[in-house]
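> Can you read through this structure? Questions will come right after.
The values are calculated or read from the model by the stated rules, or taken from the named source; none is laboratory data. This one's a predicted model, so the numbers in the text were calculated from it and none came from an experiment. Every residue, glycine as well, gets a Cβ built from its backbone with ideal geometry; the counts of neighbours run over all protein chains shown.
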Amino acid sequence: MLLALLTVLASVPMSGVVDAQSPKPSAGGAIAGRIVTANGEPVPSIVLSALKQEPDAAGRAIARTAAMTQTNELGEFRLERLSDGNYVVIAAPQPRPVGPPHRPSGALVALPTYYPGTASADAAQIIAITSAQTVDGLQFSMASTAGYNVSGIVLDEAGRPLNSIVVTLMIEMGSASIGGQLTGRSDAQGVFHISGVVPGSYRLLAGTPMMSTTREGATTISGLVGGGVAVTGGVFVGGPAIGGPAAGGPGVGGPGVPPPNGMPTTLPAPTMISVPIDVTVGNGDVAGLQLVVTIRK
């Protein structure tokens, strides 16, 4: 998915510091470990980010994405080239494809999770890194909670249902929501369903899907919104920008930091798009939503 130096909107307490150890000959420090299930089984394809604690212009502690990687088949990860400082580690599931299989209401879904295994930024453990040293042996499991269904209909300006329109649900910036970006697709009757939505505040948007090309040359279909993947509480860990290359774009890449395999590298702007609406998900399904799509010229 993504590797970048970008600002993410997160504040994490400066307590519970873990000291770096086990020097290794590499450019900068590193954080290494494993993601496992509750039964100790490895979990592959989880995206890991090292968020460095830095003060902003007002002196407030914020976190910036310093490195990203994803777990291998053994659930192992290694975040490298870290400069001296304090970090937190966050793990996020790979974004679901457009129109994922329907999940029952209330079924458990994996959440973006901070080390040592919490969805709360306030409970994240700070890891102190010294250049050319490694903190290893981190092992934790993904947090989970009940997810619900969001559904509705997509119409054109004349009130006619629209088929094959991508609907994107994004967490509201600055909210305490712990979900991530999800997508669905309208059917021949204009009806869409998005499942596995955790309680929180969201914005819902509909439009034509974006075709993108990965580093391997594969063509993929994605949602509507680029410029970052919101993983928890308004935290963005990078993502492709609409209508431009990922490398060096907003929230993506950077010098010498390509996106992981399978990450889209180009995303054209949609030609049809709706006005976003606010959606609040509590402990139950949300139905009857209506999105009106207009042609963007």
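> Cβ-Cβ under 8 Å, sequence separation 6+ or interchain: first residue in the range 180-205 and outside the structural domain of His102 (by TED's automatic domain parsing), partner among the acidic types (Asp, Glu). Which pairs?
Gly200/Glu172; Ser201/Glu172; Ser201/Asp278; Tyr202/Glu172; Tyr202/Asp278; Arg203/Glu172; Arg203/Asp278; Leu204/Asp278
> Of the conditions (1) touching a Lys or Arg at 6+ places or on another chain (Cβ under 7 Å); (2) outside the structural domain of Ala67 (by TED's automatic domain parsing), Pro161 fails just one. Which one is it?
Against the list (1) touching a Lys or Arg at 6+ places or on another chain (Cβ under 7 Å); (2) outside the structural domain of Ala67 (by TED's automatic domain parsing), Pro161 comes up short only on (1).
> Which of the strands (runs of 3 or more DSSP E) contained wholly in the range 254-297 include at least 1 residues that are at pLDDT below 90?
264-267, 272-274, 286-295
> Evaluate the following for Leu74: is it in contact with a Gly (Cβ under 6 Å, 6 or more places away or on another chain) and among the aliphatic types (A, V, I, L, M)?
No: the conditions fail for Leu74.
> Take the residues in the range 66-75 that are under 21 Å from Ala110 (Cβ atoms) and either buried (at least 17 other Cβ atoms within 10 Å of the Cβ) or outside the structural domain of Gln139 (by TED's automatic domain parsing) (or both); name whichever of them is farthest from the chain's Cα centre (by Cα).
So, considering only residues that are under 21 Å from Ala110 (Cβ atoms) and either buried (at least 17 other Cβ atoms within 10 Å of the Cβ) or outside the structural domain of Gln139 (by TED's automatic domain parsing) (or both), the one farthest from the chain's Cα centre (by Cα) is Gly75.
> Separate question: So is Ser120 closer than 24 Å to Gly29 by Cα and not assigned by TED's automatic domain parsing to the domain that holds Ala287 or not?
Considered against the rule, which asks whether it is closer than 24 Å to Gly29 by Cα and not assigned by TED's automatic domain parsing to the domain that holds Ala287, Ser120 comes out as no.
> Show the residue pairs that are 6+ apart or on different chains and have beta-carbon atoms under 7 Å apart, the first residue being within the range 112-125 and in contact (Cβ under 8 Å) with a residue 60 or more places away in the chain and under 17 Å from Val197 (Cα atoms), the second being of a type in the set (Ser, Thr, Tyr) and crowded, with 21+ Cβ neighbours inside 10 Å.
As it stands, the answer is Pro112/Thr232; Ala119/Thr113; Ala119/Thr232, since those pairs meet every condition given.
> Out of the residues in the range 115-140 meeting the condition of being closer than 14 Å to Arg78 by Cβ, out of contact with any Phe, Trp or Tyr (no Cβ under 8 Å at 6 or more places or on another chain) and buried (at least 19 other Cβ atoms within 10 Å of the Cβ), tell me which one is modelled with the lowest pLDDT.
The residue in question is Gln133.
Residues checked against (1) hydroxyl-bearing (Ser, Thr, Tyr); (2) part of a strand (DSSP E or B); (3) modelled with pLDDT of 95 or more; (4) under 22 Å from the mean Cα position of the chain (by Cα):
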{"position": "Ile31", "(1), (2), (3), (4)": "no, yes, yes, yes"}
{"position": "Arg34", "(1), (2), (3), (4)": "no, yes, yes, yes"}
{"position": "Gly59", "(1), (2), (3), (4)": "no, no, no, no"}
{"position": "Arg64", "(1), (2), (3), (4)": "no, yes, no, yes"}
{"position": "Arg81", "(1), (2), (3), (4)": "no, yes, no, yes"}
